[in-house]
Amino acid sequence: MDHEKDIFKIKHNNLRPGKGRILISEPFLQNVFFQRAVILLVEHNLKGSMGLVLNKRTNLLVNDFFPEMNFLQNIPIYLGGPVRSNHLFFIHTLGNEIIPNGVKIVNNLYFDGDFEALKRYIMQGSSVEGKVRFFLGYSGWSENQLTDEIVRDSWLVGNSSIKNIMQAEGDSFWNHSVDSLGNQYKTWKNYPVNPEMN
């Protein structure tokens, strides 16, 4: 199988990781968290990196954990990564005026913040669709670990719009993100999800 991977392996691009950028996994990465994953980098500095897998929806709902929300629209939870996988995180476009203490990722996109303020916002009947996304766990890298993985071509760095980040779903978002890298990566989409089944 390794010789077949060479057909799909393309040297990493030279875009540097940074807050607000996305990581696109190579097609033969088989880890349950990262297979065909697109990760939003929430933090990237000399001490390490933190990100959230955008396109792995779980069967869980925020409503399941807060009975007072049972009568509201279903709010899905995504699989953010393997670190602190019992903790709920969120990103939003509401700003610190509505959700205080959020950490700015880029303009108009924030990480976490005052959860009670967010609950009040939701309980007032305000829609969170396209505005707030919830994640169980996060993806983390220690000092230089992400850089090393990028050099080994496990990830390609890309950019995405906030609208796309807030609507990311499944393999289709991975495909869309690969398309955004250019024609030289189009063979990635032909690599089977389960190569051992072929």
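Observations on the structure shown:
- Relative contact order (%) - the stretch 1-156, alpha-carbon pairs under 8 angstrom, separation at least six: 27
- Nonlocal amide H pairs with Ile105, under 5 Å, H built at 1.01 Å: Tyr110, Phe111
- The simple Förster model, with R0 at 41 Å and r as the Cβ-Cβ distance, assigns Asn13 and Phe66 a FRET efficiency of 0.50.
- Shape category assigned to the stretch 113-181 from the gyration tensor of Cα positions, a/c cut at 1.5: oblate
- log10 of Debye I(q)/I(0), alpha-carbon scatterers only, for the stretch 49-164 at 0.11, 0.15 Å⁻¹: -0.40, -0.72
- Between Asn107 and Asn45, the contour length at 0.36 nm per residue exceeds the Cα-Cα span by 20.5 nm.
- All C-alpha to C-alpha distances of the stretch 36-112, sorted into 10 Å bins beginning at zero, yield P(r) values of 16, 42, 36, 5, 0 percent in whole numbers.
- Crossing angle, helix 170-179 versus the chain [Cα axis fit, 0-90 degrees, rounded to tens]: 60
- Gln184 paired with Glu129, simple spin-label distance in nm, labels 7 Å along Cα-to-beta-carbon: 4.0
- Under 5 Å from the amide H of Thr58 lie the amide H atoms of Ile77, Tyr78, Leu79, each residue being 5 or more positions distant or on a separate chain, with H modelled from the backbone and absent for Pro and chain starts.
- Coupling constants for the stretch 58-66 follow from the phi torsions by the Karplus curve (6.51 cos²θ - 1.76 cosθ + 1.60, θ = phi - 60°), and in residue order they are 8, 8, 8, 10, 4, 4, 5, 9, 10 Hz; glycine and proline get x.
- DSSP-loop trypsin sites (Lys or Arg not before Pro) across the stretch 11-54, with at most 11 other Cβ within 10 angstrom: Lys11, Lys47
- Here the sum of -39500 (n - 2.57) over DSSP H runs of 4 or more residues, divided by the residues of the chain, equals -6000 deg cm²/dmol at 222 nm, to the nearest 500.
- Loop-located GluC sites (Glu not before Pro) in the stretch 62-137 (DSSP state other than H, G, I, E, B) with a sparse environment of at most 16 neighbouring Cβ atoms within 10 Å: Glu129.
- Flagged links, alpha-carbon separation over 25 Å, of Lys47/Lys104; Lys163/Lys189; Lys56/Lys189; Lys56/Lys163; Lys131/Lys186; Lys56/Lys186: Lys131/Lys186
- The GluC sites (Glu not before Pro) of the stretch 133-198 meeting both criteria, a DSSP state outside H, G, I, E and B (loop) and at most 14 other C-beta atoms within 10 angstrom of the site's C-beta, are Glu143, Glu169.
Each reported figure results from applying straightforward, stated rules to the coordinates on display, with no laboratory input. Fair warning: this is a prediction, and the values are worked out from it, not measured in the lab. A quick note on method: Cβ atoms are made from the backbone with ideal geometry, for glycine too, and the neighbour counts reach across all protein chains shown.
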